[in-house]
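This report concerns only the one structure given below.
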Amino acid sequence: MQKAGLEPLVAFDTLPVSGFGDVLPRYFKLRRAYKVLEKALVVKECVGLVAVDYPGFNMKLVALAKKLGKPVLYVAPPQIWAWKPQRSKLFAGCANIRLATFFDFEVDAYEQANCNVLKMTHPFASVVATCTPRARKKQIMLLPGSRKSQALRNMPVFLKSVQRVLQDSRYADFDVIVVAARKSLVAALENAISKERNKGRFSREFCNRISVQVSPATPKERCEMYGTAAVSLSSPGTATLELALSNCPTVVCTRPDFLTFVLAKRKVKTRYFALPNLILKRQLFTEYISRKFDLAKVENIANQIKESAAQPRSFSGELQEALISDYDSEKLMSEFLVQLV
């Protein structure tokens, strides 16, 4: 959005958090950011609200816009199909609030809740066909997460797992690339690697083989980058879908914060966490979701990484079919703007 010319009212880097345990320490920063956006929403010059993802923050803004009678377009609304279905009550029966989702199972859930919902084409799916296939490199990619707290929690087990892989002679000459979701995460990830080395957990030689790179800004660039890796280890989320569409063999792993883990075990209804698995309703990528990763689990992850690299499978075509819709972002936005004229 900023590249399109929009100016941020608050620093975006203060907003991304993952899980209940990560929200609490940043409560006051998040509250100040919300107050700024709340003030902007209530002024007469603001004629509508476009919200994207981030339900813990955006749901409050949507509720305020609804109270003010201002139209709302909410792209990637809360995952009521997984947990907290009561969130749909805010949108139910309200023609002024339009929800745009990427997946059929989301549309079904919101239609059952009597919400104004449609399916839009996933932006990554629309560019896959334009990507130029390239030869795979001897490279293992690590995508520990887009939120800083999440990424730093995942780094130790990611590093331990890839270290095990590199001990296999077949992968001894592979490079390791850590993908930072945005530029501000590069230093944090590099520091995390340095700390692990300084603690004696990893050798200097091993750490020197790891480089941190910023994720490309455009979907096409990411598709071409992901498609060249031999294999990846990724946290759940949008990245897993992009990796699958790019035909990159992937293993999914994350270590959630304690509070989220406890609540998720009680509340989450879905069988899978990785989006490709959810969309096609079967396990395409092996998932490891745990609070503790002992040596046995690390060994299992390493073995799965090696197996995925040795026997890559393609799901891209099947996934693209499931992600195409009559609505793209341009058509969706044009229809929304008509309401404001």
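Only one of the numbered conditions (1) in a helix (DSSP H, G or I); (2) at pLDDT below 90 is violated by V10, and that is (1). Filtering P78, P71 for residues that are more than 26 Å from the chain's Cα centre (by Cα) and not acidic (D, E) leaves a single hit, P71. I'd like the full set of residues that are under 19 Å from R147 (Cα atoms) and of a type in the set (A, V, I, L, M), limited to the range 203-222. Within the range 203-222, V212, V214, A217 qualify. If only residues of the range 32-42 that are open to solvent by less than 60 Å² (accessible area, probe 1.4 Å) and at pLDDT 90 or above are counted, the one that is nearest to A65 (Cα to Cα) is L41.
A Cβ distance below 8 Å, combined with a sequence gap of six or more or placement on separate chains, defines the contacts here; from the range 225-247, residues that are among the charged types (D, E, K, R) reach residues that are part of a loop (DSSP other than H, G, I, E, B) and open to solvent by less than 10 Å² (accessible area, probe 1.4 Å) in the pairs E242/F124.
Residue count for the range 67-97, restricted to those that are over 24 Å from G237 (Cβ atoms) and not hydrophobic (A, V, I, L, M, F, W, C): 7. Restrict the check to the range 192-203 and report whether at least one residue is more than 23 Å from S316 (Cα to Cα) and in contact with a strand residue (DSSP E or B) (Cβ under 7 Å, 6 or more places away or on another chain). Yes, some residue in the range 192-203 is more than 23 Å from S316 (Cα to Cα) and in contact with a strand residue (DSSP E or B) (Cβ under 7 Å, 6 or more places away or on another chain). Pairs meeting the criteria (first residue in the range 207-224 and within 15 Å of S126 (Cβ to Cβ) and free of Cβ contacts under 8 Å to residues at least 40 places away in the same chain, second residue open to solvent by less than 60 Å² (accessible area, probe 1.4 Å) and assigned to a strand (DSSP E or B), beta carbons under 8 Å, at least 6 apart or on different chains) are lacking. Applying the selection to the range 85-105, what residues are within 25 Å of E330 (Cα to Cα), modelled with pLDDT under 95 and not in a loop (DSSP other than H, G, I, E, B)? The answer is D104, F105.
Between T240, T270, T250, the distinction of being closer than 20 Å to P77 by Cβ, in contact with a Ser or Thr (Cβ under 7 Å, 6 or more places away or on another chain) and not acidic (D, E) belongs to T240 only. Go through the residues of the range 113-131 one by one and say whether even a single one is of a type outside the set (K, R), in contact with a Gly (Cβ under 9 Å, 6 or more places away or on another chain), at pLDDT below 95 and open to solvent by 60 Å² or more (accessible area, probe 1.4 Å). No - not one qualifying residue is present in the range 113-131. With respect to (1) within 18 Å of the chain's Cα centre (by Cα); (2) loosely packed, with under 14 Cβ neighbours inside 10 Å, the lone exception for G93 is condition (1). In the set A181, A172, only one residue is open to solvent by 40 Å² or more (accessible area, probe 1.4 Å) and closer than 21 Å to L243 by Cα; that residue is A181. Mind listing whichever residues of the range 149-201 are under 21 Å from Q304 (Cα atoms) and outside any helix (DSSP H, G or I)? Once the filter is applied, which keeps residues that are under 21 Å from Q304 (Cα atoms) and outside any helix (DSSP H, G or I), the range 149-201 yields Q167, D168, A172, D173, F174, D175, V176, I177, V178, V179. If you scan the range 193-209, which residues turn out to be of a type outside the set (D, E, K, R), open to solvent by 20 Å² or more (accessible area, probe 1.4 Å) and under 26 Å from the mean Cα position of the chain (by Cα)? The answer is S194, and nothing else.
The values are calculated or read from the model by the stated rules, or taken from the named source; none is laboratory data. Just so it is clear, the model here is predicted, and its values are computed rather than measured. Virtual Cβ from ideal backbone geometry, glycine too; neighbours counted across all protein chains shown. Areas reflect the complete protein model, heavy atoms only, side chains present, ligands, DNA and RNA absent. Shrake-Rupley method; radii C 1.70, N 1.55, O 1.52, S 1.80 Å.
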